[in-house]
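Visitor: Okay, handing you the structure first.
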Amino acid sequence: MTIETQQTRRFPSFSPANRPLMLYTLLLLSLLLTNTVLSPLFAASKTSDTITVNTPDVSSILPAAGNQSAAEQATAGDDGNRATKPLPDKAVESTAPEDNPEIVAAAPRAKNVDLEKPISQSEIVSPSGVTAVEPASTGKATEPVGNAAPAKTDTEKPHKQPFLMLGAEIEPGTSTRLSWLPEQSFQGISAPTPVLVVNGIKPGPVLCLTAAVHGDELNGIEIVRRVLYNLKVDQLSGTVVGVPIVNLQGFRRASRYLTDRRDLNRFFPGDPDGSSAARIAYSFFQEIISRCDALVDLHTGSFYRTNLPQLRADLSNPDVVDITEGFGATVIVQSKGATGTLRRSAVDSGIAAVTLEAGEPMRLQEDQVAHGVKGIRTLMNKLGMYDYSSFWGDPEPIYYKSVWVRANQGGILFSEVKLGKKVDPGEQLGTITDPITNVRKKMLSPYKGRIIGMALNQFVMPGFAAFHIGIQADEKEIAKQATEEPEDAVNHSSQVTPKGENKLTRTKPVAQQKNSLPAVDSE
């Protein structure tokens with residue numbers, strides 16, 4: 001007997017007769033899913049000509065919208081949930097309709113701060129480049145956003161235009177803190193360099209003050225602070241830019257050099273594809289120095305040496321001469337500057353620049369700082385930027401030639417002269433004593449001149465540059481040396497006779513000596 005069993009089907013058959021039913025069911029499920037889940041995310045409302053997409057609130061993970069352009073703010077939804085991208089520092093293209101060209105977008109405006117008011121650690125400049133920003137004005141009328149007051153008309157605005165630097169607009173009558181970040185280190189440990197800007201009410205030149213290009217030179221930092229933090233914007237014509245610590249890497253380590261042991265002041269104007277030092281120099285020169293009309297680069301002596309307050313300047317440049325004449329009674333040393341220095345690179349780029357040397361490294365010296373502050377204020381008065389009254393003593397000379405006197409033996413150096421002292425040939429400058437043999441030798445001056453730089457008492461090696469003597473020259477000597485570089489001679493003299501011999505030693509010129517020591521240059 002055969003027993004037949006019937007197998008129960010749990011699912012409908014996919015026979016051709018049932019296929020329309022299945023397709024209809026899938027269509028209903030997809031419509032239901034769209035209406036209940038996806039439709040709120042894609043609900044669009046049209047405001048003017050701009051489509052605003054409502055998205056979930058992600059304000060906790062997005063940057064603040066302080067950098068929105070006026071056009072973006074005007075088209076944002078009333079609920080404020082529109083997802084936006086932060087604008088770059090530089091000005092962006094307008095997104096306004098072509099039929100309404102008055103709505104524009106521009107660079108963020110730097111917040112006006114009181115530089116005399118101390119700030120907390122949390123308020124220090126951020127790597128974005130601006131302490132705080134708000135939508136900037138471009139000189140054209142803008143649509144009011146929310147409860148914002150209408151933009152001022154051209155007749156209400158100051159005559160002077162905003163000053164642009166580091167992607168921010170600094171309005172006339174504004175003082176602010178910006179930041180410069182060369183981006184030559186790991187992003188997580190990089191630190192921005194503060195840049196102080198005071199933009200006066202009236203038009204005028206842009207004067208830049210830089211300090212601590214060598215990280216162990218402290219006097220210039222205090223000079224920049226005193227000058228910038230005592231300016232009144234309503235009395236200033238032009239703009240003053242101050243960078244108190246250019247070489248922040250070296251400053252943190254109390255070192256003259258960068259972390260890669262390179263001298264930053266030998267790599268200007270820099271190279272965007274070069275070494276780390278060259279890239280840092282390029283970034284600083286392009287983003288800050290190129291925005292200025294005049295530059296005062298502040299330095300001190302190097303390697304336990306001290307300098308009489310003095311200007312290093314290329315006196316063959318008329319614009320540079322104008323700067324030196326504004327510093328009052330300050331010694332001037334003729335010098336084009338070494339290749340790669342910030343001063344020389346600025347002059348080669350058409351920016352009038354001088355170096356102010358004052359004092360010694362790793363110390364803050366009140367007399368040197370006061371002289372530097374007084375000199376810069378006198379310069380600003382001469383440039384018509386600020387009304388300062390200052391009184392100086394007798395004018396200081398210009399030295400078209402200077403030489404270094406070097407140690408002939410190693411030992412303990414004790415100086416017998418002081419900075420600024422006038423010396424004659426054969427006059428004793430100091431002594432060097434061998435601590436083992438107790439042999440003592442005198443260091444004598446080979447020239448008549450003035451001590452404008454000298455080493456501090458210390459242990460020295462043979463060849464150490466100990467005394468820098470400025471030598472005044474008459475008109476004939478000045479004309480003769482017009483094509484020579486007189487700064488920082490080696491082995492007593494760099495002047496060459498017509499026969500190509502050194503006057504003092506009757507040897508080959510220093511430049512031709514194979515084993516000659518490099519020139520000392522504290523810049």
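Visitor: Regarding the stretch 300-307, can at least one residue be identified that is touching a residue at least 60 places away in the same chain (Cβ under 8 Å) and under 20 Å from the mean Cα position of the chain (by Cα)?
Guide: Within the stretch 300-307, one or more residues are touching a residue at least 60 places away in the same chain (Cβ under 8 Å) and under 20 Å from the mean Cα position of the chain (by Cα).
Visitor: Scan the stretch 255-293 residue by residue and report those that are touching a residue at least 40 places away in the same chain (Cβ under 8 Å) and on the phi > 0 side of the Ramachandran plot.
Guide: None; the set is empty.
Visitor: Looking for whichever is closer than 30 Å to residue 272 by Cα, in contact with a strand residue (DSSP E or B) (Cβ under 9 Å, 6 or more places away or on another chain) and without any contact (Cβ under 8 Å) to a residue 40 or more places away in the chain here; the options are 321, 296, 354, 347. Which one fits?
Guide: Selected residue: 347, the only one of 321, 296, 354, 347 that is closer than 30 Å to residue 272 by Cα, in contact with a strand residue (DSSP E or B) (Cβ under 9 Å, 6 or more places away or on another chain) and without any contact (Cβ under 8 Å) to a residue 40 or more places away in the chain.
Visitor: Since residue 367 meets every condition but one in (1) assigned by TED's automatic domain parsing to the domain that holds residue 302; (2) of a type in the set (Asp, Glu); (3) surrounded by 14 or more Cβ atoms within 10 Å (Cβ to Cβ), which condition does it not meet?
Guide: With respect to (1) assigned by TED's automatic domain parsing to the domain that holds residue 302; (2) of a type in the set (Asp, Glu); (3) surrounded by 14 or more Cβ atoms within 10 Å (Cβ to Cβ), residue 367 is out only on (3).
Visitor: Among the candidates 234, 216, 260, 273, which residue alone is in a helix (DSSP H, G or I) and either surrounded by fewer than 23 Cβ atoms within 10 Å (Cβ to Cβ) or touching a Lys or Arg at 6+ places or on another chain (Cβ under 6 Å) (or both)?
Guide: 234
Visitor: Based on what the data block shows, is residue 425 assigned to a loop (DSSP other than H, G, I, E, B), modelled with pLDDT of 50 or more, touching a Gly at 6+ places or on another chain (Cβ under 6 Å) and surrounded by fewer than 15 Cβ atoms within 10 Å (Cβ to Cβ)?
Guide: When the stated conditions are applied, residue 425 does not pass them.
Visitor: When the residues of the stretch 237-257 are filtered to those that are assigned to a strand (DSSP E or B) and among the β-branched types (Val, Ile, Thr), which remaining residue is farthest from residue 213 (Cα to Cα)?
Guide: Result: 239.
Visitor: Taking the stretch 276-295 as the region of interest, how many residues are touching a Lys or Arg at 6+ places or on another chain (Cβ under 9 Å) and in a strand (DSSP E or B)?
Guide: Counting residues in the stretch 276-295 that are touching a Lys or Arg at 6+ places or on another chain (Cβ under 9 Å) and in a strand (DSSP E or B) gives 1.
Visitor: Filter the stretch 428-472 down to the residues that are in a strand (DSSP E or B) and acidic (Asp, Glu) and list them by number.
Guide: Scanning the stretch 428-472 gives no hits.
Visitor: Another question, then. Going residue by residue through the stretch 462-469, is there one that turns out to be without any contact (Cβ under 8 Å) to a residue 24 or more places away in the chain, surrounded by fewer than 13 Cβ atoms within 10 Å (Cβ to Cβ) and either farther than 30 Å from residue 232 by Cβ or not assigned by TED's automatic domain parsing to the domain that holds residue 200 (or both)? Spell out the reasoning first.
Guide: As a first pass, look at the stretch 462-469 and keep what is without any contact (Cβ under 8 Å) to a residue 24 or more places away in the chain: none.
Looking for residues that are without any contact (Cβ under 8 Å) to a residue 24 or more places away in the chain, surrounded by fewer than 13 Cβ atoms within 10 Å (Cβ to Cβ) and either farther than 30 Å from residue 232 by Cβ or not assigned by TED's automatic domain parsing to the domain that holds residue 200 (or both), one finds none in the stretch 462-469, hence no.
Visitor: Something else about it: Might you let me know whether the stretch 460-478 holds any residue that is within 13 Å of residue 400 (Cα to Cα), of a type in the set (D, E, K, R) and at pLDDT 95 or above?
Guide: no
The values are calculated or read from the model by the stated rules, or taken from the named source; none is laboratory data. Just so it is clear, the model here is predicted, and its values are computed rather than measured. Neighbour counts are summed over all protein chains in view; Cβ atoms, including those assigned to glycine, are modelled from backbone coordinates with ideal geometry.
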